[in-house]
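S.K.: Once you've had a glance at the structure underneath, I'll fire off some questions.
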Amino acid sequence: MSDSPIDSLRLQFHSDLASAENEAELRAVRDRYLARKGGMVSGLLKALGSAPPAERPRLGQLANSLKQEIETQLDARTVAASSTRTPKGTVDVTLPGRLPVVGHRHPLAVLRERIEEIFTRMGFLVIEGPELEDDYHNFEALNMPADHPARDMQDTLYLSAPMRSSAGNPATLLRTHTSGMQIRYMETHQPPVRLIAPGRVYRRDNLDLTHTPMFTQVEGLVVGENVTLADLKGTLDLFVRELFGQDRTVRFRPSFFPYTEPSAEVDISCAACGGTGLVSKPGQSGELGCSMCKGTGWVEILGSGMVHPAVFEAVGYDSEKYTGFAFGMGIERIALLKWGVEDIRLFYENDLRFLEQFPL
Ligand SMILES: [Zn+2]
(Lines give C-alpha, C1' and ligand atoms only; values in the text may rest on other atoms or scores of the structure.)
Protein backbone atom coordinates (compact mmCIF):
# COMPACT_ATOMS: atom_id res chain seq x y z
CA MET A 1 0.00 0.00 0.00
CA SER A 2 1.35 3.41 -1.00
CA ASP A 3 0.41 6.96 0.09
CA SER A 4 -1.74 7.53 -2.94
CA PRO A 5 -5.08 6.08 -1.64
CA ILE A 6 -4.75 8.44 1.35
CA ASP A 7 -4.00 11.42 -0.84
CA SER A 8 -6.85 10.73 -3.24
CA LEU A 9 -9.29 10.25 -0.32
CA ARG A 10 -8.20 13.66 1.00
CA LEU A 11 -8.83 15.27 -2.39
CA GLN A 12 -12.25 13.62 -2.66
CA PHE A 13 -13.16 14.78 0.87
CA HIS A 14 -12.25 18.40 0.13
CA SER A 15 -14.37 18.37 -3.00
CA ASP A 16 -17.35 16.81 -1.11
CA LEU A 17 -16.97 19.29 1.73
CA ALA A 18 -16.90 22.23 -0.66
CA SER A 19 -20.15 21.19 -2.31
CA ALA A 20 -22.05 20.50 0.95
CA GLU A 21 -24.45 23.44 1.38
CA ASN A 22 -26.25 22.84 4.66
CA GLU A 23 -26.22 20.89 7.88
CA ALA A 24 -28.00 17.86 6.38
CA GLU A 25 -25.49 17.62 3.57
CA LEU A 26 -22.60 17.99 6.04
CA ARG A 27 -24.06 15.12 8.07
CA ALA A 28 -24.13 13.00 4.93
CA VAL A 29 -20.45 13.81 4.25
CA ARG A 30 -19.58 12.88 7.83
CA ASP A 31 -21.34 9.52 7.45
CA ARG A 32 -19.69 8.84 4.12
CA TYR A 33 -16.18 9.29 5.57
CA LEU A 34 -16.33 8.61 9.28
CA ALA A 35 -19.14 6.08 9.87
CA ARG A 36 -17.82 3.11 11.80
CA LYS A 37 -19.53 0.78 9.40
CA GLY A 38 -18.87 1.51 5.74
CA GLY A 39 -17.13 4.88 6.31
CA MET A 40 -14.32 5.47 3.84
CA VAL A 41 -11.73 6.39 6.51
CA SER A 42 -12.68 3.33 8.58
CA GLY A 43 -12.23 1.22 5.44
CA LEU A 44 -8.78 2.77 4.90
CA LEU A 45 -7.71 1.94 8.47
CA LYS A 46 -8.86 -1.64 8.04
CA ALA A 47 -6.93 -1.97 4.80
CA LEU A 48 -3.72 -1.08 6.68
CA GLY A 49 -3.75 -4.62 8.04
CA SER A 50 -2.65 -5.92 4.67
CA ALA A 51 0.24 -3.43 4.24
CA PRO A 52 3.84 -4.60 4.71
CA PRO A 53 4.70 -4.51 8.44
CA ALA A 54 7.53 -1.99 7.90
CA GLU A 55 5.16 0.47 6.23
CA ARG A 56 2.30 0.16 8.73
CA PRO A 57 3.35 2.74 11.38
CA ARG A 58 3.93 5.50 8.85
CA LEU A 59 0.77 4.73 6.88
CA GLY A 60 -1.17 4.47 10.13
CA GLN A 61 0.05 7.91 11.14
CA LEU A 62 -0.93 9.38 7.76
CA ALA A 63 -4.38 7.77 7.92
CA ASN A 64 -4.99 9.01 11.45
CA SER A 65 -3.96 12.54 10.61
CA LEU A 66 -6.36 12.46 7.62
CA LYS A 67 -9.14 11.26 9.96
CA GLN A 68 -8.40 14.14 12.34
CA GLU A 69 -8.27 16.65 9.52
CA ILE A 70 -11.67 15.46 8.26
CA GLU A 71 -13.20 15.68 11.75
CA THR A 72 -11.80 19.16 12.40
CA GLN A 73 -12.95 20.58 9.08
CA LEU A 74 -16.42 18.98 9.33
CA ASP A 75 -16.84 20.36 12.86
CA ALA A 76 -15.85 23.85 11.73
CA ARG A 77 -18.25 23.80 8.81
CA THR A 78 -21.09 22.39 10.93
CA VAL A 79 -20.71 25.14 13.52
CA ALA A 80 -20.69 27.76 10.76
CA ALA A 81 -23.80 26.26 9.13
CA SER A 82 -25.75 26.10 12.41
CA SER A 83 -25.06 29.76 13.13
CA THR A 84 -27.02 30.83 10.03
CA ARG A 85 -29.93 28.49 10.78
CA THR A 86 -33.30 30.22 11.63
CA PRO A 87 -34.24 29.09 15.14
CA LYS A 88 -37.66 27.46 15.48
CA GLY A 89 -40.53 29.86 16.10
CA THR A 90 -38.67 32.99 15.05
CA VAL A 91 -40.11 35.60 12.73
CA ASP A 92 -38.49 36.57 9.47
CA VAL A 93 -38.59 40.34 9.80
CA THR A 94 -37.63 40.78 6.17
CA LEU A 95 -40.92 39.29 4.88
CA PRO A 96 -43.42 41.81 3.47
CA GLY A 97 -46.18 42.71 5.97
CA ARG A 98 -49.64 41.19 5.90
CA LEU A 99 -52.51 43.71 6.02
CA PRO A 100 -54.99 42.97 8.84
CA VAL A 101 -58.59 42.40 7.70
CA VAL A 102 -60.44 45.52 8.75
CA GLY A 103 -64.07 45.26 9.76
CA HIS A 104 -66.80 46.88 7.73
CA ARG A 105 -69.82 48.69 9.05
CA HIS A 106 -73.21 47.43 7.94
CA PRO A 107 -74.69 49.59 5.14
CA LEU A 108 -77.89 50.17 7.13
CA ALA A 109 -75.86 51.45 10.08
CA VAL A 110 -73.88 53.71 7.78
CA LEU A 111 -77.08 55.06 6.24
CA ARG A 112 -78.70 55.64 9.62
CA GLU A 113 -75.68 57.65 10.75
CA ARG A 114 -75.75 59.67 7.54
CA ILE A 115 -79.45 60.50 8.06
CA GLU A 116 -78.82 61.43 11.70
CA GLU A 117 -75.93 63.62 10.64
CA ILE A 118 -78.05 65.54 8.09
CA PHE A 119 -80.80 66.25 10.62
CA THR A 120 -78.34 67.04 13.41
CA ARG A 121 -76.86 69.76 11.20
CA MET A 122 -80.38 71.19 10.84
CA GLY A 123 -80.60 71.43 14.63
CA PHE A 124 -82.55 68.24 15.33
CA LEU A 125 -82.08 66.24 18.52
CA VAL A 126 -81.64 62.45 18.15
CA ILE A 127 -83.62 60.45 20.73
CA GLU A 128 -84.08 56.72 21.29
CA GLY A 129 -86.57 54.71 23.27
CA PRO A 130 -87.98 51.27 24.14
CA GLU A 131 -88.85 48.72 21.46
CA LEU A 132 -91.41 47.19 23.82
CA GLU A 133 -94.23 49.71 23.97
CA ASP A 134 -97.63 50.14 25.56
CA ASP A 135 -100.84 50.61 23.63
CA TYR A 136 -101.22 54.21 24.76
CA HIS A 137 -97.91 55.47 23.36
CA ASN A 138 -98.02 53.35 20.21
CA PHE A 139 -101.65 54.03 19.26
CA GLU A 140 -103.99 55.91 21.53
CA ALA A 141 -102.01 59.12 22.06
CA LEU A 142 -101.43 59.19 18.31
CA ASN A 143 -105.14 59.57 17.65
CA MET A 144 -105.76 55.84 17.17
CA PRO A 145 -108.27 54.77 19.85
CA ALA A 146 -109.01 51.07 20.31
CA ASP A 147 -111.68 50.86 17.59
CA HIS A 148 -109.81 53.03 15.08
CA PRO A 149 -109.62 51.35 11.64
CA ALA A 150 -106.11 52.76 11.06
CA ARG A 151 -104.77 50.23 13.56
CA ASP A 152 -105.29 47.64 10.86
CA MET A 153 -102.81 49.50 8.65
CA GLN A 154 -100.11 48.39 11.04
CA ASP A 155 -100.52 44.71 11.82
CA THR A 156 -99.10 44.49 15.30
CA LEU A 157 -97.02 41.86 17.10
CA TYR A 158 -98.40 41.55 20.66
CA LEU A 159 -96.57 40.10 23.65
CA SER A 160 -98.09 36.91 25.08
CA ALA A 161 -98.09 38.62 28.50
CA PRO A 162 -97.72 42.32 29.41
CA MET A 163 -94.28 43.36 30.68
CA ARG A 164 -93.79 45.87 33.42
CA SER A 165 -91.60 48.73 32.27
CA SER A 166 -89.85 51.58 34.02
CA ALA A 167 -91.63 54.01 31.69
CA GLY A 168 -95.03 53.53 33.32
CA ASN A 169 -97.73 51.45 31.63
CA PRO A 170 -97.00 47.73 31.11
CA ALA A 171 -95.70 47.05 27.61
CA THR A 172 -98.04 44.90 25.55
CA LEU A 173 -96.59 45.05 22.03
CA LEU A 174 -93.53 45.49 19.85
CA ARG A 175 -93.70 49.08 18.61
CA THR A 176 -95.01 49.43 15.04
CA HIS A 177 -93.31 52.81 14.60
CA THR A 178 -91.06 55.08 16.64
CA SER A 179 -93.83 57.70 16.93
CA GLY A 180 -94.30 56.64 20.54
CA MET A 181 -91.05 58.45 21.29
CA GLN A 182 -92.57 61.70 20.06
CA ILE A 183 -95.32 61.30 22.66
CA ARG A 184 -92.84 60.40 25.39
CA TYR A 185 -90.73 63.44 24.59
CA MET A 186 -93.66 65.87 24.43
CA GLU A 187 -95.03 64.52 27.72
CA THR A 188 -91.87 65.68 29.46
CA HIS A 189 -90.76 68.72 27.42
CA GLN A 190 -92.38 71.99 26.40
CA PRO A 191 -92.08 73.41 22.85
CA PRO A 192 -90.08 74.21 20.85
CA VAL A 193 -89.40 70.59 19.81
CA ARG A 194 -87.14 69.51 16.99
CA LEU A 195 -86.17 65.83 17.07
CA ILE A 196 -85.73 62.61 15.14
CA ALA A 197 -86.33 59.17 16.66
CA PRO A 198 -84.49 56.36 14.82
CA GLY A 199 -84.89 52.72 15.80
CA ARG A 200 -86.17 49.22 15.08
CA VAL A 201 -89.89 48.66 14.59
CA TYR A 202 -91.93 45.49 14.09
CA ARG A 203 -94.94 44.51 12.00
CA ARG A 204 -96.68 41.31 11.01
CA ASP A 205 -95.28 41.36 7.49
CA ASN A 206 -94.12 38.33 5.59
CA LEU A 207 -90.57 38.42 4.28
CA ASP A 208 -90.51 39.39 0.61
CA LEU A 209 -88.62 41.66 -1.80
CA THR A 210 -89.73 44.85 -0.05
CA HIS A 211 -90.91 43.76 3.42
CA THR A 212 -89.31 42.44 6.59
CA PRO A 213 -91.12 41.88 9.91
CA MET A 214 -88.44 44.03 11.57
CA PHE A 215 -87.12 47.19 10.00
CA THR A 216 -85.58 50.52 10.93
CA GLN A 217 -87.52 53.73 11.03
CA VAL A 218 -86.60 57.35 11.45
CA GLU A 219 -89.42 59.61 12.57
CA GLY A 220 -89.15 63.35 12.88
CA LEU A 221 -91.13 65.95 14.83
CA VAL A 222 -91.00 69.73 14.88
CA VAL A 223 -93.32 71.77 17.15
CA GLY A 224 -93.37 75.48 17.77
CA GLU A 225 -95.24 78.67 17.11
CA ASN A 226 -96.00 79.35 13.44
CA VAL A 227 -94.58 76.07 12.13
CA THR A 228 -96.17 75.58 8.71
CA LEU A 229 -96.45 73.12 5.85
CA ALA A 230 -93.84 75.22 4.03
CA ASP A 231 -91.36 74.39 6.82
CA LEU A 232 -92.12 70.69 6.35
CA LYS A 233 -91.56 70.94 2.60
CA GLY A 234 -88.36 72.94 2.99
CA THR A 235 -86.95 70.51 5.58
CA LEU A 236 -87.69 67.38 3.55
CA ASP A 237 -86.53 68.98 0.30
CA LEU A 238 -83.16 69.81 1.89
CA PHE A 239 -82.91 66.33 3.42
CA VAL A 240 -83.59 64.56 0.12
CA ARG A 241 -81.05 66.66 -1.77
CA GLU A 242 -78.42 66.09 0.92
CA LEU A 243 -78.96 62.33 0.90
CA PHE A 244 -79.67 61.57 -2.75
CA GLY A 245 -78.02 64.47 -4.60
CA GLN A 246 -78.82 68.03 -5.59
CA ASP A 247 -80.45 67.02 -8.88
CA ARG A 248 -83.32 65.11 -7.24
CA THR A 249 -86.73 66.76 -6.99
CA VAL A 250 -89.46 66.17 -4.44
CA ARG A 251 -93.24 66.13 -4.73
CA PHE A 252 -96.00 65.85 -2.13
CA ARG A 253 -99.09 63.70 -2.66
CA PRO A 254 -102.18 63.99 -0.42
CA SER A 255 -102.54 60.97 1.87
CA PHE A 256 -103.99 59.90 5.20
CA PHE A 257 -102.45 59.23 8.60
CA PRO A 258 -104.47 59.42 11.84
CA TYR A 259 -101.84 61.54 13.64
CA THR A 260 -101.36 64.20 10.95
CA GLU A 261 -103.75 66.55 9.17
CA PRO A 262 -103.22 67.34 6.37
CA SER A 263 -101.04 64.34 5.46
CA ALA A 264 -98.80 63.75 2.47
CA GLU A 265 -96.73 60.98 0.94
CA VAL A 266 -93.43 62.29 -0.32
CA ASP A 267 -91.98 61.10 -3.63
CA ILE A 268 -88.58 61.78 -5.16
CA SER A 269 -87.73 61.77 -8.83
CA CYS A 270 -86.62 58.32 -9.98
CA ALA A 271 -82.85 57.85 -10.34
CA ALA A 272 -83.12 55.02 -12.85
CA CYS A 273 -84.94 57.07 -15.51
CA GLY A 274 -84.15 60.61 -14.36
CA GLY A 275 -87.84 61.22 -13.66
CA THR A 276 -89.00 60.56 -17.23
CA GLY A 277 -90.55 57.14 -16.54
CA LEU A 278 -88.77 55.78 -19.61
CA VAL A 279 -85.51 53.89 -20.06
CA SER A 280 -83.72 52.69 -23.17
CA LYS A 281 -82.32 49.16 -23.02
CA PRO A 282 -79.21 48.15 -24.95
CA GLY A 283 -80.02 46.15 -28.08
CA GLN A 284 -83.64 47.29 -28.16
CA SER A 285 -85.08 50.11 -30.21
CA GLY A 286 -87.26 52.75 -28.60
CA GLU A 287 -87.80 53.27 -24.88
CA LEU A 288 -89.45 51.07 -22.28
CA GLY A 289 -91.31 51.90 -19.09
CA CYS A 290 -88.92 52.23 -16.12
CA SER A 291 -89.32 49.27 -13.77
CA MET A 292 -88.03 51.09 -10.67
CA CYS A 293 -90.83 53.70 -10.72
CA LYS A 294 -93.30 51.65 -12.77
CA GLY A 295 -93.14 54.29 -15.49
CA THR A 296 -94.32 57.16 -13.28
CA GLY A 297 -90.97 58.94 -12.89
CA TRP A 298 -91.46 59.09 -9.10
CA VAL A 299 -90.70 56.79 -6.16
CA GLU A 300 -92.24 57.10 -2.70
CA ILE A 301 -89.80 57.58 0.17
CA LEU A 302 -91.73 58.71 3.22
CA GLY A 303 -94.96 59.82 4.87
CA SER A 304 -95.50 63.18 6.54
CA GLY A 305 -97.98 65.82 7.62
CA MET A 306 -98.96 68.55 10.08
CA VAL A 307 -99.42 67.19 13.61
CA HIS A 308 -103.10 66.50 14.40
CA PRO A 309 -104.49 68.71 17.21
CA ALA A 310 -105.67 65.55 19.01
CA VAL A 311 -102.01 64.51 19.46
CA PHE A 312 -101.18 67.87 21.06
CA GLU A 313 -104.16 67.51 23.37
CA ALA A 314 -102.97 64.06 24.47
CA VAL A 315 -99.64 65.51 25.65
CA GLY A 316 -101.10 68.73 27.09
CA TYR A 317 -99.85 71.16 24.43
CA ASP A 318 -102.06 74.14 23.53
CA SER A 319 -103.13 73.31 19.97
CA GLU A 320 -104.29 76.89 19.45
CA LYS A 321 -100.82 78.20 20.17
CA TYR A 322 -98.57 75.50 18.71
CA THR A 323 -98.37 73.81 15.34
CA GLY A 324 -95.94 71.21 14.12
CA PHE A 325 -95.05 68.67 11.49
CA ALA A 326 -94.01 65.03 11.58
CA PHE A 327 -92.53 62.58 9.11
CA GLY A 328 -91.47 58.96 9.07
CA MET A 329 -89.30 56.87 6.77
CA GLY A 330 -87.96 53.34 6.58
CA ILE A 331 -84.17 53.19 6.35
CA GLU A 332 -84.29 49.90 4.43
CA ARG A 333 -86.54 51.46 1.80
CA ILE A 334 -84.18 54.44 1.48
CA ALA A 335 -81.28 51.96 1.12
CA LEU A 336 -83.07 50.13 -1.73
CA LEU A 337 -83.64 53.41 -3.54
CA LYS A 338 -80.24 54.93 -2.83
CA TRP A 339 -78.21 51.92 -3.93
CA GLY A 340 -80.58 50.40 -6.49
CA VAL A 341 -80.89 47.12 -4.53
CA GLU A 342 -83.94 45.07 -5.52
CA ASP A 343 -84.29 42.69 -2.58
CA ILE A 344 -84.50 44.00 0.99
CA ARG A 345 -83.62 40.55 2.39
CA LEU A 346 -80.02 40.93 1.14
CA PHE A 347 -79.41 43.45 3.93
CA TYR A 348 -80.16 40.79 6.56
CA GLU A 349 -78.51 37.69 5.10
CA ASN A 350 -75.01 38.77 6.21
CA ASP A 351 -73.31 37.72 3.01
CA LEU A 352 -70.02 39.65 3.03
CA ARG A 353 -69.86 39.60 -0.78
CA PHE A 354 -72.99 41.76 -0.74
CA LEU A 355 -72.29 43.87 2.33
CA GLU A 356 -68.75 44.83 1.27
CA GLN A 357 -70.05 46.56 -1.83
CA PHE A 358 -71.17 49.58 0.17
CA PRO A 359 -68.43 52.14 0.84
CA LEU A 360 -69.11 55.43 2.66
ZN1 LIG B 1 -87.96 55.43 -13.13
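S.K.: Report, please, the projected area of the range 287-360 averaged over directions, based on the convex hull of its C-alpha atoms, in nm².
M.R.: 8.8 nm²
S.K.: Which aspartates and glutamates have a Cα lying under 12 Å from the Cα of LYS233, excluding residues fewer than 8 positions away in the same chain?
M.R.: The qualifying aspartates and glutamates are GLU265, ASP267.
S.K.: Give me the percent of the accessible area of the range 4-83 that comes from carbon and sulfur atoms, probe 1.4 Å, all protein chains in place.
M.R.: Carbon and sulfur together cover 54 percent of it.
S.K.: How much net charge surrounds ALA76 when only the other residues with a Cβ under 14 Å from the Cβ of ALA76 are counted, with Lys and Arg +1 and Asp and Glu -1?
M.R.: Result for the neighbourhood of ALA76: -2.
S.K.: LYS46: net charge of surrounding residues, Cβ under 14 Å, Lys/Arg +1, Asp/Glu -1, itself excluded?
M.R.: Residues near LYS46 contribute +4 overall.
S.K.: Can you compute the helix-only [θ] at 222 nm over the chain? Use -39500 (n - 2.57) per DSSP H run of at least 4 residues, normalise by all residues, nearest 500 deg cm²/dmol.
M.R.: Calculated mean residue ellipticity at 222 nm is -11000 deg cm²/dmol.
S.K.: Next up: Summing Lys, Arg as +1 and Asp, Glu as -1, what charge do residues with Cβ under 14 Å from the Cβ of LEU34 carry, LEU34 excluded?
M.R.: +4
S.K.: Oh, and also: Given contacts defined as C-alpha pairs under 8 Å and at least six residues apart, what's the relative contact order of the chain, whole-number percent?
M.R.: 14 percent.
S.K.: Next up: Can you list the lysines whose alpha carbon sits under 25 Å from that of LYS37, skipping same-chain ones fewer than 8 residues off?
M.R.: Partners within reach: LYS46, LYS67.
S.K.: Sort out for me the Cα centre separation of the range 168-209 from the range 53-129, rounded to whole Å.
M.R.: Here the two parts' Cα centres lie 55 Å apart.
S.K.: So what are the three principal axis dimensions of the range 4-83 from its Cα atoms, in whole Å, longest to shortest?
M.R.: 46, 20, 16
S.K.: Another question about this same structure. Apply 1/(1 + (r/R0)^6) to the Cβ-Cβ distance of THR94 and HIS14, taking R0 = 35 Å, and write down the FRET efficiency to the nearest 0.05.
M.R.: 0.55
S.K.: Which of the trypsin sites (Lys or Arg not before Pro) across the range 1-93 are loop residues per DSSP, with 15 or fewer other Cβ within 10 Å?
M.R.: Here the trypsin sites (Lys or Arg not before Pro) that fit, given the DSSP loop and packing criteria, are ARG36, LYS37, ARG85, LYS88.
S.K.: GluC sites (Glu not before Pro) within the range 4-87: which are DSSP loop residues with at most 14 other Cβ atoms inside 10 Å?
M.R.: GLU21, GLU55
S.K.: Relative to the longest principal axis of the chain, what angle (0 to 90°, nearest 10) does the C-alpha long axis of helix 107-121 take?
M.R.: It is inclined by approximately 50 degrees.
S.K.: Can you list the lysines whose alpha carbon is less than 21 Å from that of LYS294, not counting same-chain residues fewer than 8 positions off?
M.R.: LYS281, LYS338
S.K.: If you average the sequence gap of Cα pairs under 8 Å that are 6 or more apart and divide by the length of the range 4-83, what percent do you get for the contact order?
M.R.: Normalised by residue count, the contact order of the range 4-83 is 33 percent.
S.K.: Let me ask you something else. What size of dipole, in debye to the nearest 20, comes out for the chain about its Cα centre when the only charges are +1 on Lys and Arg C-beta atoms and -1 on Asp and Glu C-beta atoms?
M.R.: The calculation lands at about 2200 debye.
S.K.: Going by amide H atoms built from the backbone, whose H comes under 5 Å of the H on ASP134, apart from near neighbours?
M.R.: THR172
S.K.: Something else about it: Rank-order 210-216, 349-355 by packing density, defined as the average count of other C-beta atoms within 10 Å over each peptide's residues, highest first.
M.R.: Packing order, densest peptide first, comes out as 210-216, 349-355.
S.K.: Using a Gaussian network for the chain with springs between C-alpha atoms less than 10 Å apart, which of these wobbles most: HIS14, HIS104, HIS308?
M.R.: Its mean-square fluctuation being the largest, the pick is HIS14.
S.K.: Tell me, what % of the accessible area of the range 100-197 is carbon and sulfur with a 1.4 angstrom probe?
M.R.: Carbon-and-sulfur percentage of accessible area, whole number: 55.
S.K.: Just the projected area, averaged over all directions, of the convex hull on the alpha carbon atoms of the range 107-355: how many nm²?
M.R.: Mean projected area of the Cα convex hull: 15.1 nm².
S.K.: GluC sites (Glu not before Pro) within the range 241-316: which are DSSP loop residues with at most 14 other Cβ atoms inside 10 Å?
M.R.: GLU287
The values are calculated or read from the model by the stated rules, or taken from the named source; none is laboratory data. Being a predicted model, the structure only gives us computed values, none of them experimental. Counting neighbours? That spans all protein chains shown, and the Cβs are built from the backbone with ideal geometry, glycine included. All accessible areas refer to the heavy atoms of the entire protein, side chains included, with ligands and DNA or RNA removed. Shrake-Rupley method; radii C 1.70, N 1.55, O 1.52, S 1.80 Å.
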